[in-house]
Amino acid sequence: MIHLTDFETSIVELLLVVGVALLLPDLARRHNKVHRAILFGIAGLLAVRYVVWRATQTLAPFELTLDCLASWSFFAIEAASIVSSLSAFTILSRVRLRHREADEHADWWGDRPPRVAILIATYNEDREVLERTLSGAVALDHPSVDILVLDDGRREWLTEFVAEFGARHITRPDNAHAKAGNINHALRMLDESGEPPDFVAVLDADFVPHRNFLKRTLALFHDETVGLVQTPQHFFNPDPIQHNLGLSRSYPDEQRFFFDHLQPSRDGWGIAFCCGTSSVMRFSALKSIGFFPTDSITEDFLVTLALQNGGHRTVYLSEPVTEGLAPEGLKEYITQRARWCLGLMQIARGPFGPFARNNLRLRDRWSVADSVLYWTSTFTFRLAALTFPLLYWFFNIT
């Protein structure tokens with residue numbers, strides 16, 4: 001008989017886990033829905049088991065003490081984070097990739113290519129940034145394209161500059177509703193022209209489309225119920241995390257998990273959402289919902305919900321067909337994330353919130369609730385994990 005100490009037993013159990021992890025890549029296939037469901041099901045069961053153990057074995061007695069306050073508050077934060085994780089596990093248990101669909105339905109329109117308006121929203125970007133984006137838009141492999149530069153900075157020099165690329169310089173008298181208002185002004189102008197486009201592609205001023213951007217995205221509109229196609233965002237430059245760690249070549253940018261894994265899984269549930277730039281929308285679908293809603297500063301997520309509420313599908317093509325600039329400084333990085341968080345909270349409290357009276361499906365409501373859980377629990381837990389140990393180390397609060 002071999003008698004192991006508690007420490008030795010822990011090492012054996014750890015080695016078992018490491019061994020299973022080493023075998024998994026040969027046993028499981030990441031795009032197999034059954035394999036994904038089993039693995040995330042196991043992860044969910046372990047998470048629930050952990051919460052039960054925490055609740056029954058580790059909390060301080062419920063009384064008026066600092067130990068009780070610290071113990072129960074940290075458990076509440078941790079439990080909320082695990083609820084968010086369980087929601088993410090459920091989403092990640094499916095995946096849908098549309099490469100083959102885009103191949104099979106390329107040029108589905110026959111001899112009459114659809115008209116596409118490329119909307120490039122800009123405010124104060126430099127000339128070289130706009131030049132790169134316009135060069136990519138002009139080189140698109142599609143015969144019927146109208147390029148519009150939507151200038152909320154009202155810069156006179158842009159009129160002549162964009163004309164060199166065969167594009168139009170569009171301004172408006174005010175900056176109401178920021179980017180959404182800027183895009184809506186152009187959409188109404190196109191609608192009133194008498195010959196509106198069939199589709200609208202939205203690009204940020206610092207995002208350059210690849211030649212096949214429209215060819216690949218338009219293929220998914222063969223289904224008339226599809227109102228929006230979103231593509232991933234890839235970046236020329238390292239984000240602040242990559243830069244500060246000095247790991248730009250080996251450490252993926254912070255948004256890779258979302259665009260390469262979470263969005264295809266959301267598409268598997270039919271809840272992929274618009275991320276602003278690098279998206280294409282059916283003009284008639286946009287017009288049916290009154291164009292972009294302006295109730296939130298994250299107009300991209302909101303327009304997704306408005307389209308879904310109107311019976312239109314939103315899908316995701318997981319192919320890198322545009323490239324742009326990631327936030328270059330920590331201030332810009334935090335400002336961007338804070339904007340996303342604020343916008344999501346505005347959506348959750350608005351007419352397309354998870355508990356509002358609307359025509360959203362249950363899965364669409366879950367999509368909003370999952371995003372709220374992410375923003376309210378993930379960063380709170382990270383801060384708690386950094387600060388709560390200090391209460392024990394310096395003040396002996398358990």
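Hey, residue 107 hits all of (1) at pLDDT 95 or above; (2) among the acidic types (Asp, Glu); (3) surrounded by fewer than 15 Cβ atoms within 10 Å (Cβ to Cβ) but one; which does it fall short on?
Unmet condition: (1).
Whether any residue in region 35-43 is exposed (fewer than 11 other Cβ atoms within 10 Å of the Cβ), out of contact with any helix residue (DSSP H, G or I) (no Cβ under 8 Å at 6 or more places or on another chain) and either assigned to a helix (DSSP H, G or I) or of a type outside the set (Ser, Thr, Tyr) (or both) is what I want to check. Give the derivation first.
If we filter region 35-43 for residues that are exposed (fewer than 11 other Cβ atoms within 10 Å of the Cβ), which is where we start, we get none.
Among the residues of region 35-43, not one is exposed (fewer than 11 other Cβ atoms within 10 Å of the Cβ), out of contact with any helix residue (DSSP H, G or I) (no Cβ under 8 Å at 6 or more places or on another chain) and either assigned to a helix (DSSP H, G or I) or of a type outside the set (Ser, Thr, Tyr) (or both), which makes the answer no.
With the structure loaded, tell me whether residue 201 is under 29 Å from residue 127 (Cα atoms), over 13 Å from the mean Cα position of the chain (by Cα) and buried (at least 23 other Cβ atoms within 10 Å of the Cβ) or whether it fails that test. Show your work before the answer.
Working: under 29 Å from residue 127 (Cα atoms): yes; over 13 Å from the mean Cα position of the chain (by Cα): yes; buried (at least 23 other Cβ atoms within 10 Å of the Cβ): yes.
Yes, satisfied.
Residues that are closer than 30 Å to residue 95 by Cα, within 26 Å of the chain's Cα centre (by Cα) and surrounded by fewer than 13 Cβ atoms within 10 Å (Cβ to Cβ): does region 5-28 have at least one?
Within region 5-28, not a single residue is closer than 30 Å to residue 95 by Cα, within 26 Å of the chain's Cα centre (by Cα) and surrounded by fewer than 13 Cβ atoms within 10 Å (Cβ to Cβ).
Does residue 369 count as buried (at least 18 other Cβ atoms within 10 Å of the Cβ), touching a residue at least 12 places away in the same chain (Cβ under 8 Å) and among the aliphatic types (A, V, I, L, M)?
So residue 369 does not fit the description; no.
For residue 225, only one of the following conditions fails: (1) within 27 Å of the chain's Cα centre (by Cα); (2) among the β-branched types (Val, Ile, Thr); (3) open to solvent by less than 10 Å² (accessible area, probe 1.4 Å). What is its number?
The single condition residue 225 does not satisfy is (3).
Could you grab me the full set of residues in region 260-277 that are over 19 Å from residue 332 (Cβ atoms) and either open to solvent by less than 10 Å² (accessible area, probe 1.4 Å) or assigned to a loop (DSSP other than H, G, I, E, B) (or both)? Lay out the reasoning, then the answer.
Just the residues of region 260-277 that are over 19 Å from residue 332 (Cβ atoms), to begin with: 260-274.
Selection gives 263, 264, 265, 266, 267, 270, 271, 272, 273, 274.
Quick grid of which residues meet (1) of a type in the set (Ser, Thr, Tyr); (2) in contact with a Leu (Cβ under 6 Å, 6 or more places away or on another chain); (3) closer than 30 Å to residue 128 by Cβ:
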{"residue": "282", "(1), (2), (3)": "no, no, no"}
{"residue": "296", "(1), (2), (3)": "yes, yes, no"}
{"residue": "320", "(1), (2), (3)": "no, no, yes"}
{"residue": "323", "(1), (2), (3)": "no, no, yes"}
{"residue": "360", "(1), (2), (3)": "no, no, no"}
{"residue": "370", "(1), (2), (3)": "no, no, no"}
{"residue": "379", "(1), (2), (3)": "no, no, no"}
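Name the residue, out of 158, 134, 150, 140, that is closer than 14 Å to residue 120 by Cβ and in contact with an Asp or Glu (Cβ under 7 Å, 6 or more places away or on another chain).
158
Restricting the first residue to region 1-14 and requiring it to be outside any helix (DSSP H, G or I), which pairs with a second residue that is hydroxyl-bearing (Ser, Thr, Tyr) and open to solvent by 100 Å² or more (accessible area, probe 1.4 Å) meet a Cβ separation below 9 Å and a spacing of at least six or different chains?
Listed by first residue and then by second, the contacts come to nothing, as the list is empty.
Within region 374-390, is even one residue under 16 Å from residue 266 (Cα atoms), surrounded by 14 or more Cβ atoms within 10 Å (Cβ to Cβ) and either modelled with pLDDT under 95 or not charged (D, E, K, R) (or both)?
yes
Whether any residue in region 327-337 is under 17 Å from residue 230 (Cβ atoms) and buried (at least 16 other Cβ atoms within 10 Å of the Cβ) is what I want to check.
Scanning region 327-337 turns up no residue that is under 17 Å from residue 230 (Cβ atoms) and buried (at least 16 other Cβ atoms within 10 Å of the Cβ).
Could you go through region 113-127 and let me know if any residue there is more than 25 Å from residue 282 (Cβ to Cβ), in a helix (DSSP H, G or I) and basic (Lys, Arg). Break it down into steps so the answer makes sense when it comes.
First pass over region 113-127, keeping only residues more than 25 Å from residue 282 (Cβ to Cβ): 123-127.
Subsequent filtering for residues that are in a helix (DSSP H, G or I) retains 127.
Now narrow it down to the ones that are basic (Lys, Arg): 127.
Scanning region 113-127 turns up at least one residue that is more than 25 Å from residue 282 (Cβ to Cβ), in a helix (DSSP H, G or I) and basic (Lys, Arg).
Out of the residues in region 300-326 that are charged (D, E, K, R) and in contact with a Ser or Thr (Cβ under 8 Å, 6 or more places away or on another chain), state the one that is most open to solvent (accessible area, probe 1.4 Å).
Taking region 300-326 and keeping what is charged (D, E, K, R), we get 300, 313, 319, 323.
Next, from what is left, pick out any that are in contact with a Ser or Thr (Cβ under 8 Å, 6 or more places away or on another chain): 300, 313, 319.
Details: 300: 25, 313: 79, 319: 26 Å².
Filtering region 300-326 for residues that are charged (D, E, K, R) and in contact with a Ser or Thr (Cβ under 8 Å, 6 or more places away or on another chain), the one most open to solvent (accessible area, probe 1.4 Å) comes out as 313.
Go through region 114-133 and report how many residues are out of contact with any helix residue (DSSP H, G or I) (no Cβ under 8 Å at 6 or more places or on another chain) and open to solvent by less than 40 Å² (accessible area, probe 1.4 Å).
Adding up the residues that qualify gives 2.
Given (1) open to solvent by 20 Å² or more (accessible area, probe 1.4 Å); (2) in contact (Cβ under 8 Å) with a residue 24 or more places away in the chain, where does residue 149 come up short, assuming only one miss?
It fails just one condition, (1).
Could you pull out the residue among 64, 46 that is of a type outside the set (D, E, K, R) and assigned to a helix (DSSP H, G or I)?
Sole residue among the options that is of a type outside the set (D, E, K, R) and assigned to a helix (DSSP H, G or I): 46.
Residues checked against (1) surrounded by fewer than 20 Cβ atoms within 10 Å (Cβ to Cβ); (2) at pLDDT 95 or above:
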position: 188; (1), (2): yes, yes
position: 211; (1), (2): yes, yes
position: 220; (1), (2): no, yes
position: 251; (1), (2): yes, no
position: 282; (1), (2): no, yes
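Working only within region 139-161, note down all residues that are more than 21 Å from residue 181 (Cα to Cα) and among the hydrophobic types (A, V, I, L, M, F, W, C).
139, 140, 145, 157, 161
Show the residue pairs that are 6+ apart or on different chains and have beta-carbon atoms under 7 Å apart, the first residue being within region 114-132 and within 17 Å of residue 145 (Cα to Cα) and in contact (Cβ under 8 Å) with a residue 60 or more places away in the chain, the second being open to solvent by 20 Å² or more (accessible area, probe 1.4 Å) and small (Gly, Ala, Ser).
Here the result reads 114/144; 115/144; 116/144, each pair linking region 114-132 to a residue that is open to solvent by 20 Å² or more (accessible area, probe 1.4 Å) and small (Gly, Ala, Ser).
The values are calculated or read from the model by the stated rules, or taken from the named source; none is laboratory data. Being a predicted model, the structure only gives us computed values, none of them experimental. Ideal geometry is used to build each Cβ from the backbone, glycine not excepted, and the neighbour counts take in all protein chains shown. Accessible surface areas use protein heavy atoms only, side chains included; no ligands, DNA or RNA. Shrake-Rupley method; radii C 1.70, N 1.55, O 1.52, S 1.80 Å.
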